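Worksheet for the structure shown next.
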Amino acid sequence: MSAGEYVLLRDGGQVLIRPYAPADRPAVAALLQRLSAESLRLRFHARGVRVDERTLEFATAGHAVVAEIGERAVALASYARLRDPRRAEMAVLVDDAEQGRGIGTVVFERLARDARREGIESFVAQVLAANQRMLELVHNLGFRTTRTWEQGEDEFELDLRPRPEYVAQADARHHVAAVASLEPLFRPRAVAVVGASRQRGAIGHELFRKLLAGGFAGAIYPVNPAAGAVASVHAYPSVAAVPEPVDLAVIAVPAPAVVAAVESCLDAGVRALVVISAGFAEVGGEGRAWQEALLRLCRARGARMVGPNSLGLLVNAPAGALNATFAPGLPAPGNLAVASQSGAVGIAILEHARERGIGVGAFVSLGNKADLSSNDLLEYWEEDEATGVIALYLESFGNPRRFARIARRVAGRKAIVAVKGGRSEAGRRAAVSHTAALASADIAVDALFRQAGVVRCDTLAELFDVVALLASQPVPAGNRVGAVTNAGGLGILCADACEASGLALPSLGEATRAALGALLPAEAALANPVDMIASAGAATFGQALRHVLADPGVDAAIALFVPTAFTDPADIAAAIAAACSPPPPKPVLAVFVGPTGAGDLLRRAAAIPAYSFPEAAARTLGQAAAYGTWLRRPAGSTPALATIDPEAARPIVARALAREASPWLLPDEIAGLLGAFGIAPTEAVIARSAEEAAEACRRLGPPVAVKLVSRRVLHKTDVGGVHLDVRSPEATAAAYSAISEALAATGQAEAMDGALVQPMVSGVVECLVGVVVDPLFGPLIAFGLGGITAEAIGDIAFRLHPLTDVDAEELIGSIRATKLLRGFRGRPPADVAALRDLLLRVSRLVEDVPEVAELDLNPVMVRAEGQGALVLDARLRLSASG
């Protein structure tokens, strides 16, 4: 049978779905013959259906997809176009023995995807009233559905155009399936170590010993055909010989033997594997072929695999640990779950967590990510009650768009903290537009994390700082910080660091100042930070912290201490712990300067994180506060936009892609394409001669701008191709001639397609709105300061497409120059609402015209509030591949 795609089912199993081919006829015939009489009646709307050639031909007419498990066809879905070629009639049937697993849903989803590619916009389905499973399937898909009923039959028409409800339903179905598929990995009843050697120091031997020592509640079996016992435990020649079902197998045999070992495990019913062995895709050649064979095996048998080239798995519960890692020691159990794409980095994370006293509940070294990825782990840990915070070390994304959807959902319940390796690049991708030149590879990752609510850290040290806070303290309700210290200089450093991290140190309330005044000596400073002076004792320190925490104008507190001869740091730690008992609803951080050991005492006594310097504490709290802001933001929606006509854009795109000339569009083509989405460039005339330029000036009225039109020259100012504030028809003709002569002088006379003459426009701020398509992340939408200084200043921000109204608002507010848009030093506020509308229309353009490869609207003149935003210049490049 031909190749296809494996899809997870709601019970954690997998099914292969692919287009039907003539060679599948015997397997589909066998499927039909296995169906009960009632199932045949519900599918073909008749009693006494005979499975013959005519029935088989009818069932597979049009376009069909088949689902199989092993070599057995278990489902068939098909559609046939109706008289209106945008509509098709469809039907689904599922093997009686496989019903209830979600197979019907996933084959329908594949059929709908195929239909959309062929230009079909809706499915019609005739369903008997007695066919409850099909009625439920149609109802739960998430498509917009119209239903009519007549004489015992329901007729449904399903709008196949993707919409948020469908994506949400599909994600929810995949979530259930992903969680179910990982149960054997994280909750196995029995574990086998395949390749458990008798030799100390061998990988299989040491892994087996670690599993024994961890206290795992289930049985652990060594598998070694050449050994009678391993570490004094009876060994078995194969997993099939083990006396009870094995859920999880840890594979530690040489790479050439792994495929056979895994196949043997799957034959014995194993449903989860951790492949420690190296020598696969990371070395290329034969190793890559072995890895592909492993993946095919696991998917065909419905098993999940970590690795290969993994450094192990840890499930760390108070009752005992399932420790199949190379970590020299184990951290205490806790609410942190860790996934690492690098095994060595992962082991370092475990070791550092142990040293800092951060509890870890689960750890997975992803290895080569042949099957299991961070997306799957996020799905599982979202439902895991023992997980409160998730830490990720990533080097690549398999499916970043799906990661964004999953992470956005998970981050609403549990903090995700991530370090992304591979940030640098030897050079930015070859690009010519302003937008593309400003978009480095790492910007896409940053945009993804921001929109999904992932807390991004630059280093592992920073990751641990953030994890220590979020795993033990509540998320701050705002960015207002109260600080108490026994050293004024430390307080000043803290204040500076807080401001740099987006935090505020507001004046404390009158009641708080009065209470502090009664507590502290006259020399103390009652401003924020509160300087209790060096002689402050432990009792005073603790009481001052209580007063600051009680202030309603404070969202978080930082307690800073420098050791002095007056006070023992351990007593300060005890006082801070007492002040936070019971735990307040606000996060508390401590700073102990110097190696006092007080931070460890405080963490053990009250789970309050301690830092060595105020900058680290402020940076960490700033990241937690930003996460809190993300949690409180509205979910956002994609508003309906008026004057949208995607159909008007298709002929323009088709003509542009059909020609062999430059893929950059001419101004009239750009105007037509933008106009289809309600984006109207400033009125302009294309002149093909100096005389036409003069006439355009007369028609539009001076002053005008005269700009080079060329599909070859992209930065007009570089070749003298822009003349502004031209005040007469004669001067306009001269400007045209000057542009022509400048090009001729550089040997580019043929590059001139004319000149654009447009009225001069004034406004509040010149901005840039753009699009660049990342090969992995898809379209990125850019916003920033515009004009010729866009690249020099670099004040620009990006978000992943598609944008919601909240995304658009945040994008506008994320550049440094956003103050200029809000009204600054006598300037009127700019029309931010018009900018937001423009960004949403650009996002819609990208959605409906996926051939857009680069777009530059630069400058966009944003006028005063209520007066709109005008596109003064635009560049647009199409690509047949998007």
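For Glu89, state whether it is touching a Phe, Trp or Tyr at 6+ places or on another chain (Cβ under 7 Å), within 25 Å of Ala29 (Cβ to Cβ) and among the acidic types (Asp, Glu). In short, yes.
Here Glu660 passes the criteria (1) in contact (Cβ under 8 Å) with a residue 12 or more places away in the chain; (2) part of a loop (DSSP other than H, G, I, E, B); (3) more than 30 Å from the chain's Cα centre (by Cα) except the one numbered (1).
Give the residue, chosen from Leu756, Leu657, Leu768, Leu708, that is under 22 Å from Leu845 (Cβ atoms), crowded, with 19+ Cβ neighbours inside 10 Å and modelled with pLDDT under 95. Steps first, answer last, please.
Working: Leu657 fails: crowded, with 19+ Cβ neighbours inside 10 Å; Leu768 fails: modelled with pLDDT under 95; Leu708 fails: under 22 Å from Leu845 (Cβ atoms).
Result: Leu756 is the single residue among Leu756, Leu657, Leu768, Leu708 that is under 22 Å from Leu845 (Cβ atoms), crowded, with 19+ Cβ neighbours inside 10 Å and modelled with pLDDT under 95.
Quick check: is even one residue across the range 612-629 part of a helix (DSSP H, G or I) and at pLDDT below 95? No, the conditions are met nowhere in the range 612-629.
Only one of the numbered conditions (1) part of a strand (DSSP E or B); (2) free of Cβ contacts under 8 Å to residues at least 60 places away in the same chain; (3) of a type in the set (A, V, I, L, M) is not met by Ala196, and that is (1).
For the range 27-47, the condition holds for no residue, the condition being that it is touching a residue at least 12 places away in the same chain (Cβ under 8 Å), touching a Gly at 6+ places or on another chain (Cβ under 8 Å) and in a strand (DSSP E or B).
For the range 80-130, which positions are among the polar types (S, T, N, Q), more than 20 Å from Ala177 (Cα to Cα) and surrounded by 20 or more Cβ atoms within 10 Å (Cβ to Cβ)?
We begin by selecting, within the range 80-130, every residue among the polar types (S, T, N, Q); these are 99, 105, 122, 126.
Next, from what is left, pick out any that are more than 20 Å from Ala177 (Cα to Cα): 122, 126.
Residue satisfying the conditions is Ser122 alone.
In the range 672-686, is there at least one residue being assigned to a helix (DSSP H, G or I), modelled with pLDDT under 95 and of a type in the set (A, V, I, L, M)? So far as the range 672-686 goes, no, none of its residues is assigned to a helix (DSSP H, G or I), modelled with pLDDT under 95 and of a type in the set (A, V, I, L, M).
Tally time: how many residues in the range 321-347 are β-branched (Val, Ile, Thr) and farther than 18 Å from Ala252 by Cβ? Don't jump to the end; show me each part of the working.
Just the residues of the range 321-347 that are β-branched (Val, Ile, Thr), to begin with: 325, 338, 345, 347.
Pick out the ones that are also farther than 18 Å from Ala252 by Cβ and you get 338, 345.
Here the count works out to 2.
Restricting attention to the range 232-267, the residues that are in contact with a helix residue (DSSP H, G or I) (Cβ under 8 Å, 6 or more places away or on another chain), surrounded by 17 or more Cβ atoms within 10 Å (Cβ to Cβ) and assigned to a loop (DSSP other than H, G, I, E, B) total 4. Pairs linking a residue in the range 254-270 that is among the hydroxyl-bearing types (Ser, Thr, Tyr) to a residue that is part of a helix (DSSP H, G or I), with Cβ atoms under 8 Å and 6 or more positions apart or on different chains, are Ser264/Val239; Ser264/Ala240. Just one residue in the set Ala642, Ala579 is among the aliphatic types (A, V, I, L, M) and surrounded by fewer than 16 Cβ atoms within 10 Å (Cβ to Cβ); that residue is Ala642.
Could you tell me whether Val176 is crowded, with 22+ Cβ neighbours inside 10 Å and either not in a loop (DSSP other than H, G, I, E, B) or not β-branched (Val, Ile, Thr) (or both)?
Values: crowded, with 22+ Cβ neighbours inside 10 Å: no; either not in a loop (DSSP other than H, G, I, E, B) or not β-branched (Val, Ile, Thr) (or both): yes.
Here the answer is no, as Val176 does not meet what is asked.
Does the range 462-483 contain at least one residue that is surrounded by fewer than 21 Cβ atoms within 10 Å (Cβ to Cβ), among the acidic types (Asp, Glu), in contact (Cβ under 8 Å) with a residue 40 or more places away in the chain and in a helix (DSSP H, G or I)? So far as the range 462-483 goes, yes, one or more of its residues are surrounded by fewer than 21 Cβ atoms within 10 Å (Cβ to Cβ), among the acidic types (Asp, Glu), in contact (Cβ under 8 Å) with a residue 40 or more places away in the chain and in a helix (DSSP H, G or I). Among Gly763, Gly754, Gly770, Gly721, which is in contact (Cβ under 8 Å) with a residue 12 or more places away in the chain and closer than 14 Å to Ser689 by Cα? Going through Gly763, Gly754, Gly770, Gly721 in turn, the sole match is Gly754.
Within the range 143-160, being surrounded by fewer than 13 Cβ atoms within 10 Å (Cβ to Cβ) and either in a strand (DSSP E or B) or not assigned by TED's automatic domain parsing to the domain that holds Ala91 (or both) holds for Thr146, Thr148, Trp149, Glu150. Considering only the range 48-71, state which residues are among the aliphatic types (A, V, I, L, M) and surrounded by fewer than 20 Cβ atoms within 10 Å (Cβ to Cβ). Correct list: Val49, Val51, Leu56, Ala61.
Residues that are free of Cβ contacts under 8 Å to residues at least 12 places away in the same chain, over 34 Å from the mean Cα position of the chain (by Cα) and farther than 17 Å from Val484 by Cα occur in the range 582-602; there is at least one. In summary, helices (runs of 4 or more DSSP H) completely within the range 485-568 and bearing 3 or more residues that are farther than 23 Å from Val593 by Cβ and not hydrophobic (A, V, I, L, M, F, W, C) occur at 510-519.
Checking each residue in the range 796-809 for being touching a strand residue (DSSP E or B) at 6+ places or on another chain (Cβ under 9 Å) and crowded, with 19+ Cβ neighbours inside 10 Å picks out Ile796, Ala797, Phe798, Arg799, Leu800, His801, Leu803, Asp807, Ala808.
Considering (1) modelled with pLDDT of 95 or more; (2) out of contact with any Asp or Glu (no Cβ under 8 Å at 6 or more places or on another chain); (3) under 25 Å from Gly201 (Cβ atoms); (4) not hydrophobic (A, V, I, L, M, F, W, C), the lone condition that Asn309 does not fulfil carries the number (2).
The values are calculated or read from the model by the stated rules, or taken from the named source; none is laboratory data. All values reported here derive from a predicted model rather than from experimental measurement. So basically every Cβ, Gly included, is an ideal-geometry build from the backbone, and we count neighbours across all protein chains shown.
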